[in-house]
Amino acid sequence: MAKGEAIVILTGAGISKESGLETFRDEGGLWSRTRIEDVATPEAYARDPKRVLEFYNMRRQSMVDGNIRPNAAHLALARLEREWPGEVLVVTQNIDNLHEQAGSKNLLHMHGEMLKARCATCNDVIPWEGSLGLENSCHACGAVGRMRPHVVWFGEMPFYMNDIYAALDRCHLFISIGTSGNVYPAAGFVQHVRMRGVGRTVELNLEPSEGATLFAETHYGPASEKVPAFVGQLLNAGRIS
Ligand code: BJW
């Protein structure tokens, strides 16, 4: 196998759909029932924190109680990380913990994590599985009513951007899985890789995304089928191109 060829994988809500979690923009998805402006912006939280906390409490509870498990696509990416001789980095927009459950280790949650809470005053982040309310106080600074979901809302800066761009700058293969390509900066990663003039770009999705034409190679179908098949081919070939 070629040593040192690096792979960056961007995942979105589509990879977790077959584990029972909702996507955002598909028909019947989260944003078809709830307005982004009401629950996923800092302004919404400032205006009506209780409503925003309740929206995330419901989703957190269904994630914990629903016994949500990784599917074949998450497991295939963990296998790729274990067996590929070069670097494999998963950058996920998802706030679920299915990549961790599947065994992925080199993983960045650019839009945060559902099972963590952050203090809006001192930025302390702690694990959080129960409901969040305005009565909760921060264990680090003691502020009351300032614990919020550890997620990235519209207009907020996603996490790990320096690490992500550094990885995109050295990767030989960029794979985008189960994301509609509507939300920046993630939607711009494929262009970032293509601008370098080297590197293979692949989209694996149920159907063509907004930015489908930017990818050199596309494969359409459920992630639980397309991802294991693609990973199997990659590991058999032992090289990227
Ligand atoms: C399957 C499948 C199966 C289904 N198998 N596939 C004006 C003002 C302020 C900002 C902006 C502005 N104009 C533009 C911006 C930037 C803005 C943005 O992109 N807006 C666009 C709407 C235009 N972005 C931001 O604000 C970001 N921050 C930022 O840019 O910082 C810099 C900045 C700072 C200050 C000022 C200005 C700029 C932050 C974005 C945060 C996104 N947050 C959310 C919520 C996270 C918490 C939560 O979960 O509640 O992240 S929104 C939501 O969208 C979530 C997702 O991670 C993200 C992406 O969605 P995803 O994963 O692509 O899901 P879907 O549903 O869209 O697609 C699913 C796909 O799966 C589909 O393609 C299906 O076909 C497929 N699929 N089943 C395979 N079985």
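The values are calculated or read from the model by the stated rules, or taken from the named source; none is laboratory data. Worth saying up front: this structure is predicted, and the values here are computed from it rather than measured. Here Cβ is always computed from backbone atoms with ideal geometry, including for glycine, and neighbour counts include all displayed protein chains. For the accessible areas, the whole protein counts, side chains as well, though only heavy atoms, and no ligand, DNA or RNA atoms are used. Shrake-Rupley method; radii C 1.70, N 1.55, O 1.52, S 1.80 Å.
Only Lys, Arg, Asp and Glu carry charge here, each on its Cβ (+1 for the first two, -1 for the last two); on that basis the stretch 1-47 has a dipole of about 80 debye about its Cα centre.
Note on the chain: antiparallel DSSP beta bridges, both residues inside, total approximately 30 percent of the bridges counted. Per residue, the convex hull around the alpha carbon atoms of the stretch 101-206 comes to 143 Å³. Calculated on C-alpha atoms, the gyration radius of the stretch 22-122 divided by its Kirkwood radius gives an Rg/Rh of 1.03. Computed with a 1.4 Å probe over protein heavy atoms only, the accessible surface of the chain comes to 47 Å² per residue.
Just flag the trypsin sites (Lys or Arg not before Pro) in the stretch 91-152 sitting in loop per DSSP whose Cβ has no more than 12 other Cβ atoms within 10 Å. Sites meeting the loop and neighbour criteria: Lys105. For the stretch 1-80, the percent of C-alpha pairs falling in each 5 Å distance bin, counted from 0 to the bin holding the largest distance, reads 3, 12, 17, 18, 17, 12, 9, 6, 4, 2, 1.
What residue among Gly181, Gly211, Gly28 has the largest mean-square fluctuation in a Gaussian network model of the chain, using Cα springs under 10 Å? Among Gly181, Gly211, Gly28, the largest mean-square fluctuation in the Gaussian network model of the chain belongs to Gly28. Cα convex hull, the stretch 176-241: 78 Å³ per residue, rounded to a whole number.
When the helix-only estimate is applied to the chain (DSSP H runs of n ≥ 4, each -39,500 (n - 2.57), divided by the residue count), what is the mean residue ellipticity at 222 nm, nearest 500 deg cm²/dmol?
When only DSSP H runs of four or more count, the value is -9500 deg cm²/dmol.
Look at the alpha carbon pairs under 8 Å that are at least 6 residues apart: their mean separation over the length of the chain gives a relative contact order of 24 percent. For the pair the stretch 99-159 / the stretch 4-52, the C-alpha centres are spaced 15 Å from each other. With a threshold of 25 Å on the Cα-Cα distance, the over-threshold entries among Lys50/Lys105; Lys116/Lys226; Lys17/Lys226 are Lys50/Lys105; Lys116/Lys226. Loop-located GluC sites (Glu not before Pro) in the stretch 132-214 (DSSP state not H, G, I, E or B) with no more than 14 neighbouring Cβ atoms inside 10 Å: Glu135, Glu156, Glu210.
Determine, at each q value in 0.10 (inverse angstroms), the log₁₀ of I(q)/I(0) that the Debye formula gives when each Cα of the chain is one equal point scatterer. Debye intensities relative to I(0), on a log10 scale: -0.48. Sorting the segments 40-46, 220-226, 68-74 by their mean number of nearby beta carbons within 10 angstrom, highest to lowest, gives 68-74, 220-226, 40-46.
Against the criterion of solvent-accessible heavy-atom surface with a 1.4 angstrom probe, Glu22, Glu27 sort, most first, into Glu27, Glu22.
Relative intensity of the stretch 126-187 on a log10 scale, I(q)/I(0) at q = 0.29 Å⁻¹, equals -1.30, per a Debye sum over C-alpha point scatterers of equal strength in the absence of solvent.
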